[in-house]
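Read through the structure below, which is laid out as structure tokens, and then see the notes.
FYI, it's all coordinate maths here, none of it is from the lab. Please read all numbers here as calculations on a predicted model, not as lab measurements. A quick note on method: Cβ atoms are made from the backbone with ideal geometry, for glycine too, and the neighbour counts reach across all protein chains shown.
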Amino acid sequence: MKVGMKIILVEKDNDVVKFAFKDVTLSEATLNEFEFMFNLKCEKNILYWGGFADKPNYKNLKEWYYRILLDKTKKILFINYYGEKVGYITYKIYNDSICDDFSIAVSDRFSGKGIATKAIGEMIEYLKYEHFNCKTFYSYIREDNIPSQKVHRKNNFILTDQYEDKFLQSDNKIVRLHKWVKNLEE
């Protein structure tokens, strides 16, 4: 699936057809797009919110990227804004019914435009089509990551009382990550 600009039929009234363009679309990652992923993973905010203190090792990240592309239970989707790659979403499918959000990241240059909110909405639709057995999607979000919490709340994720305490290099301490859940059968 690769879509640059998605055209949607909005209304058909007699002979008049109205269309709208989606500004945010998703495309499945390919082997030749690794450089984009590497550059994005080197951005300061993406490093911090991802829990990393340093830029990734090029060779190690490339090996991880290629493994993910070959793994049928894991997926990398690139986020496109008016046809330009601006971020990514990664997720994993567990036992066909549960999907786990590894991460979502949007380049600093495009933050604050509602792209992540729309991208998660597109991903939910993608999961319903591509992984129709997936009934639940969950994500662990840092308790201090208010922007990510807002994005998930806008997509009707529910904050649960479950959490993980995880040591993050970016903070050099243990940070609490709260579990958010989305029922995909809604």
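The rule of thumb for compact globular proteins, 2.2 N^0.38 Å, goes into the C-alpha radius of gyration of the chain 1.07 times.
With a cut-off of 14 Å between beta carbons, the residues surrounding G114 carry a summed charge of +4, where Lys and Arg count +1 and Asp and Glu -1. Across the range 59-64, rounded Karplus estimates of 3J(HN,Hα) from the backbone phi angles (6.51 cos²θ - 1.76 cosθ + 1.60, θ = phi - 60°) give 5, 5, 5, 5, 4, 4 Hz, Gly and Pro being marked x.
With runs of 4+ DSSP H residues as the only contributors, calculate the mean residue ellipticity of the chain at 222 nm using -39,500 (n - 2.57) per run, divided by the residue total and rounded to the nearest 500. If you can, show how the numbers build up before the last one.
On the way: 5 runs with 53 residues, N = 186.
Value at 222 nm, helices only: -8500 deg cm²/dmol.
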